[in-house]
1. Specify the residue that is farthest from Ala479 (Cα to Cα); the eligible residues are those in segment 504-519 that are at pLDDT below 95 and among the small types (Gly, Ala, Ser).
2. Quickly run through segment 413-446 and pick out the residues that are closer than 22 Å to Gly245 by Cα, open to solvent by less than 10 Å² (accessible area, probe 1.4 Å) and small (Gly, Ala, Ser).
3. Please verify whether segment 471-491 includes one or more residues that are open to solvent by 30 Å² or more (accessible area, probe 1.4 Å), modelled with pLDDT of 95 or more and not in a loop (DSSP other than H, G, I, E, B).
4. Could you check how many residues of segment 121-146 are more than 21 Å from Lys242 (Cα to Cα), assigned to a loop (DSSP other than H, G, I, E, B) and either in contact with a helix residue (DSSP H, G or I) (Cβ under 8 Å, 6 or more places away or on another chain) or at pLDDT below 95 (or both)?
5. For segment 73-90, does any single residue satisfy the condition of being in contact (Cβ under 8 Å) with a residue 60 or more places away in the chain and assigned to a helix (DSSP H, G or I)?
6. With the structure loaded, tell me whether Tyr325 is at pLDDT below 95, under 22 Å from Leu97 (Cβ atoms) and of a type in the set (Ser, Thr, Tyr) or whether it fails that test.
7. Here is a check on your reading of the model: is Trp259 surrounded by fewer than 18 Cβ atoms within 10 Å (Cβ to Cβ) and either outside any loop (DSSP other than H, G, I, E, B) or of a type in the set (Ser, Thr, Tyr) (or both)?
Amino acid sequence: MLTALIPLIEQPVLASEYERTNGQPTQSRSVVIAKNGIVATSHPLAAQVGLDVLKSGGNAADAAIAANAMMGLVEPMSCGIGGDLFAIYWDAKTQKLYGLNASGRSPLKLSRDVFKQRGLSQIPTYGPLSWSTPGCVDGWNELRKCFGTQPFEKLLAPSIHYAEDGVPVPEVISGYWSGSVARLSEWPDSVQTYLPNGKAPKQGEIFRNPRLATTYRAIATEGRDAFYRGSIAKQIVAFSEKNGGYFSIEDFHRHTSDWIEPVSTNYRGYDVWELPPNGQGIAVLEMLNVIEQFNVKELGHNSADLLHLLVEAKKLAFADRAKFYADPAFNKLPVVELISKKYAQLQRQRIRLDRAATYVPAGDPKLAHGDTIYLTVVDKDRNCCSLIQSLYYGFGSQVVPGEVGFALQNRGQLFSLDDEHLNRLEPGKRPFHTIIPAFVTKDGKPWFCFGVMGGDMQPQGHVQILLNLIDFGMNVQAAGDAARFCHFGSQTPTGLPMDSDGGSLGLEAGISNDVVTALKAKGHSVVRSPGAFGGYQGILIDWQNSVLHGATEPRKDGAAIGY
């Protein structure tokens, strides 16, 4: 089970990691309080770029696009235009919530037979066979077209400048970068783009990406078609044809994003919103529906009894995830049933409060991985953008396809090759996705715009943040600083139910040794993580005082910045 920990514990241990004083949560910094707008990202410069857009008259959609473009430059292992995007957007004018699925699809020429002919039982983690069409740029275009006020030329200008002039590499991102040197070194264009002088840039060194500046400039002048119909698409397809990939120009011509209806459940008077599959957002709603049936506050924050309950609820939700979460265009999925209160009552009966479950239906062990960025923006009119964007693994497939200046995602690796599985690989199909934005409304008004990064940590992180806010009354900063758990494992190869040992439960340092002992007594396999779980950004709207409360966390390099 310990092998599943590797992608998470490779992160550097930070001096600012959450600690406890007298058994109570401490807080790493003050809540950022502002009147006119807040941008929160995992890199301060990206947050500043987004805030500059707000100050110049742009809205939440504009600022989110500009900040995301900047994140693709400054944290390239976690995101970029070679990946996908999801967003939840509150439009102040219509007083309505909108969902955007800007994830790409598998190549039309790629089928399961390709892997059978090569004797492969699963899709390789790295390289061209793991590719799916990148959806990020089309996602930007949809956000801008439907809600934005500023052109790409203006929104991408800061990132173009910094890509040419250079940006200093911060501490955490430097650690991520160093872990990818070996894989990147296998591809000449990846070396040229991300390994100056053959090495990962160290903390404090200046990183430049003039190739990305050229690509951004093409999008700024020609729009999304530069990526899907112009020079960028042509270069990617030409590279694919020379290097064993299956992309065709038709994959890019046919790509579209979808505006979808977010789904919700009510948790103790708060409406929690997620996006339906092909993502894993409804796992959050499944977990909350079960947890709501218990007196969480009475159990105690990060107590053994509470952590046990959360882990057992997670196991049930993730069992459903393994079986039912897939592309709804190819399958009829029981989303309404899965997030119903009636179903949660049945699920609650499966939980033993004295013992950890050691038998779960099929899951997918690949889901422990995931390098992602999440950002959130709320503007002066209270438009809200909850946006998450990712390449899946660090630097995705590890492949930069030519002189484009960005790596392509390896999200296609999450398809199953099982002929009977709902998430089986089929041409032109969206794979299961781990990245999920979140949103909370109260009495029909926007209340909390947030997300947590990190593969299958994300649903677990969403739930922990919400309990900290709603049940334990923490502020938005303390809610993110509080020590977390991450349960992983207890999942078998896709589509093959079998006995398991219940997985491993990773705990951050702020959870006491007494709790560890009590969890072991309940049958949990506990691992002390020297790293950190997830990466949180959040903005809460205080309607009474007409101000915003913003937060980020010490597990990342980021900042929440307001004005």
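The values are calculated or read from the model by the stated rules, or taken from the named source; none is laboratory data. Everything quoted here is computed from the prediction, not taken from an experiment. As a convention, Cβ positions derive from the backbone with ideal geometry for all residues, glycine included, and neighbour counts pool all protein chains shown. Surface accessibility is based on the protein's heavy atoms, side chains included, excluding ligands, DNA and RNA. Shrake-Rupley method; radii C 1.70, N 1.55, O 1.52, S 1.80 Å.
1. Ser504
2. Ser416
3. no
4. 2
5. Within segment 73-90, one or more residues are in contact (Cβ under 8 Å) with a residue 60 or more places away in the chain and assigned to a helix (DSSP H, G or I).
6. yes
7. yes
Residue by residue, here is whether (1) of a type in the set (Phe, Trp, Tyr); (2) more than 23 Å from the chain's Cα centre (by Cα) holds:
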| site | (1), (2) |
| --- | --- |
| Lys199 | no, yes |
| Leu212 | no, no |
| Thr215 | no, yes |
| Phe247 | yes, yes |
| Ser257 | no, no |
